[in-house]
Every structure is written in C-alpha cells, then in structure tokens.
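Below you will find the structure I want to go over with you.
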Amino acid sequence: MLQELISETAQNSPDNRVRKIIREGMEVYQTQFESRYPTLGKLFEGDDREQFIGASTAIVLRNQEQYLEQMKSKYGESTLTQNLGDLSCRVVDVVRVFFPNLIANLVAEIQPLNGPNGDVLVVRPKYSNTAAGVNTGDEVFKQQTDGTYASDEQTNESVGTGDGSTTNFSTTLSLRPIRPSTVEVYVDGNMVGTDDGSGNLAGSGISSGTVNYETGAFDVTLSSAPAASAAIRVNYRWNYEQNPDSIREVEISIGLVPMSAKPHPLRVSWSVESQLTAMAAYNMDVEDTVSNIAAHAIKKERDYLLTRMINTAATVDTTLDFDAALPASGGITKTAHFQDWSLKLAYAESQIFAANGRGRVDFVLAGVNASDLISRQASFIPDAQPIPIGAHKIGTLGGTVDVIKDPTLNPNTYIFGFRGMQPGDAAVILGEWIPLYWTPTFQNSNLTNSRGLLSMYDVLVNNSSFFVKGTLTNYTA
C-alpha cells in the first residue's frame, strides 16, 4: 500500500497521501467490519489523528484476515484448523480489544506492514537547493534560517565581527541584484545606517560606504570601531525575478524506511480441572477468559517495548529535574511547592521546539512516583479508567497533555514527548504485520490445555529529539 502511495506524482502533498490511507481504511471498515465492530466507526468521526488510528486498525485487521485466508487456501481449512491456527473471528476480536487501546496511539504512530519485511512512511520536509541562506538537505524548521522561507528579504547577513579597533568592513552580499533603498546596516543589533537608493551608505554610525546593487560588492567605514565580538550585519531585499535560482525550494521528502517484523511469541495454559470447574460453577467460557488475558498481555508487551525505547532515546536534561523537598524557609506548603513542577513542562516544550523548530509537549510518560506528583498539579484532569494493566493513561494536564503512568520506568523518571506534526513525522513508528496468530488448543496427557500466540511487528525511533527526560528527587507522598 505505501509503495503505491510513494509511486504517485510528487505533486501530491503528504496530507493527500494520509487522506488516501484514511479513505482506504474507511472503505475496509465499511465493507468488512462495520456490522462486527460498530464502535470502531466512531474513530472516523474525529480529527485526522483519530481517523488515521481507525484506518490503520481496519487495514491491520484486514491484513490479519487475509493472512489467515491465505493459509487456509494453501493448506486447506481442516489442516489449518488442526495444525496451523484458529480461523474463527476470535483472533480478530482479540486484536480489536487491544489494538486501538495501545499506548502507541498516544506516544507513537501505527503503520501497517504488507509483509514480514515491509516499509513505513516517513515525511521530512527539506530544502532541495542551496540558496538564500539554506543548504540542500537542510530540514525545514529544524535547521533554522532567518525565518523568511517565502520572501525576497535577506536578513542578518554577516559582514564581519568587531575587534575593538577595525572600522572598515567589506564583503560581497550573497543575493543579487539588490533592490535599491532596501539596505540596512546593523552593529550589535542596532541599526546605524541605510543606502540612499544610489549605492551610497549613510547614517548616524557610518562615515562612508557603498553598495553595488548588481554585483553585491559592499564596503562600509563605521564612525567608531565596534566592540570585540560585536556582529556587523545587513538586511536587504533582492530581485528574485531577475535571479529566480535563488528562490528557496522546499521538497516534501517522503521516504520509505524498511522494517522487519520481529516475532513475539507467548504461550498460555490452563488445567482441564479448572476449565470444568469454571464452566460448572460460574458458566465461564475459559476460552473467552484466556482470550481476554492474552489481549491484555499482548498490549502490555507492546507498550513496554515502546516505552523502553522512548526512555532510551530521550535526551537527559538536568534542568528538568525537580526537587520535591520543601525549602528550608518560606513557609511554603507541600501542595504549593509541587505546583512549581509545571515550570518543567513549559521548559521541556521550549527545548523540544528549539531542537526541532516545531513541536510541543503532547504527553508525559512517568514512573509511579512522578505520576503521583503530576496528578497533584492544579491542571490535572483524571481519566475514568477500568482496572489498569501495565502502562496506562491516568489523565491529562489542562485537557491537552496526556499523562501516562508506566510501572516499568524508574519510579522517579518523567519523559516529555511530542508525537509529531502529522503521520510520517512521528517520533516513534510501530510497524504492524500480524497482530495475532493463535494455534489451536492442545491437551496433553497430564490434562493441561495450552495455546500458542505469535505477534509480528517492529518499532522504529524516527526522531529522538522529540523526547526530553527529567528526574524527581526527595519525593514523599
């Protein structure tokens, strides 16, 4: 599917490609799953992210059923049922239980793989030419320029650096022809003069100077020597109609990253005695119970792998550390002091933005002590949760930042994360091939039943700079 998307014309925007994935998922849902999973359709009523989750879920479920049908066609239904797997809807039902509820939907992006060796979509907007202060291959937003991506204005072009004695500075301005009456000269951020439209430089801080609008030759003598390390810079506008090759060009780089679905096996067993007792005393379907437990085990294992990779990839920033001990003086209560932690959230958002030129904090992944502290923030809104198993969402900060409690993390660790701007720009990508393969129940001579489960998927850290990590110290409840 992704191969087909990439082979389309380059004029299509990433949003159009994402829309196509969503449309395909909607069609799969409407033709195959609408009557069986009516709640899945609610995801398509939400925003792009929810629609993408719903579409990915539907496509993965379809791939699951197609795989089982291929095995049925190859080996025969009776052979397959006895030796290779269960063709009942139970397998797909179990997938439906855990798949949309993964922590991955809060911290990462799920993309379906078309086989054991497949590709995931990665979107990185880059400059495709060297012009106007940017270089070919620079990533838009991340490799910062003066910010004028679509302008004929060149700002903060360097002319030289002061040393405390030099007054004359000359260079050749990079973009030309230069529009007359647009040149501004700055020393240490303060404007000291301009051009007069005829190629002469003058102003309160300029003794003399000239600029050649056609060649870019620039020469200025300042009234006094700039201090050591003071930057001498110019702003000007250039004529892009006469020099179109210098217009910045942005290429929405849509690439494929190969992934190999790795096997994740699990075996469950139960005694015949317990099965008979459960059926007689409680009318309990042990197969359903095993399915439910298996679904939660699969979800927990996926979430653990994701959070472990995020923890490893996150940048440690000691400025994010928070000392929960009360100050020695000042009469501040513990509740009031804990609110200072919110400053760390604001700082983390700034760091993510500074590193990438974009981004915010979408989620906080926290150990048990850190989760307790975060849940005491004034902006915390708790979630109504069923019985929690493994990593799970406990609420939001201000209704926008998901808070995820993870018992496998160091109790005092918290990680701030940004999911990404859109599908393909995600910090972490989960490539899913077969969510669940389930063998038939095997009963041995010691009256024990067992079934084998197998999932095949892979996880890719696409942008580790979307994660920053801090530590809680001296915390007591």
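The values are calculated or read from the model by the stated rules, or taken from the named source; none is laboratory data. Not measured: the values here are computed from a predicted model. Glycine gets a Cβ as well: all are built from the backbone with ideal geometry, and neighbour counts include every protein chain shown.
Determine the pairs where a residue that is over 18 Å from Arg451 (Cα atoms), located within the stretch 284-305, has a partner that is assigned to a loop (DSSP other than H, G, I, E, B) and not hydrophobic (A, V, I, L, M, F, W, C) with Cβ atoms under 7 Å apart, the partner being 6 or more residues away or on another chain.
Every condition considered, the pairs that remain are Lys300/Gly390; Asp303/Gly390; Tyr304/Gly390; Tyr304/Thr408.
Conditions tested, residue by residue: (1) within 20 Å of Val120 (Cβ to Cβ); (2) in contact with a Lys or Arg (Cβ under 8 Å, 6 or more places away or on another chain).
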residue	(1), (2)
Thr408	no, yes
Tyr414	no, yes
Ala427	yes, yes
Trp433	yes, no
Trp438	no, yes
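In contact (Cβ under 8 Å) with a residue 60 or more places away in the chain and at positive phi: which single residue out of Gly424, Gly399 fits that description?
Gly424
Out of all the residues in the stretch 178-199, is one or more of a type in the set (Ser, Thr, Tyr), surrounded by fewer than 16 Cβ atoms within 10 Å (Cβ to Cβ) and closer than 23 Å to Ala227 by Cα?
no
So if I check each of Ala225, Ala202, which one is part of a loop (DSSP other than H, G, I, E, B), among the aliphatic types (A, V, I, L, M) and either modelled with pLDDT of 90 or more or surrounded by 15 or more Cβ atoms within 10 Å (Cβ to Cβ) (or both)?
After applying the criteria, what remains is Ala225.
Still on this structure, please answer the following. On the given criteria, is Glu273 surrounded by fewer than 16 Cβ atoms within 10 Å (Cβ to Cβ), at pLDDT 80 or above and farther than 21 Å from Pro440 by Cα?
No; evaluated as a whole, the condition is false for this residue.
Okay, residues lined up against (1) of a type in the set (S, T, N, Q); (2) within 30 Å of Asn114 (Cα to Cα); (3) in the same structural domain as Glu157 (by TED's automatic domain parsing):
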position: Ser170; (1), (2), (3): yes, no, yes
position: Arg179; (1), (2), (3): no, no, yes
position: Leu201; (1), (2), (3): no, no, yes
position: Asn212; (1), (2), (3): yes, no, yes
position: Asn239; (1), (2), (3): yes, no, yes
position: Ser260; (1), (2), (3): yes, yes, no
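Consider the stretch 323-338. How many of its residues are exposed (fewer than 12 other Cβ atoms within 10 Å of the Cβ) and of a type in the set (Val, Ile, Thr)?
2
Hey, does the stretch 416-423 have a residue that's under 24 Å from Glu301 (Cβ atoms), of a type in the set (D, E, K, R) and out of contact with any His (no Cβ under 9 Å at 6 or more places or on another chain)?
yes
Could you please find all residues in the stretch 437-477 being surrounded by 20 or more Cβ atoms within 10 Å (Cβ to Cβ), hydroxyl-bearing (Ser, Thr, Tyr) and under 14 Å from Val268 (Cβ atoms)?
The answer is Tyr437, Ser455.
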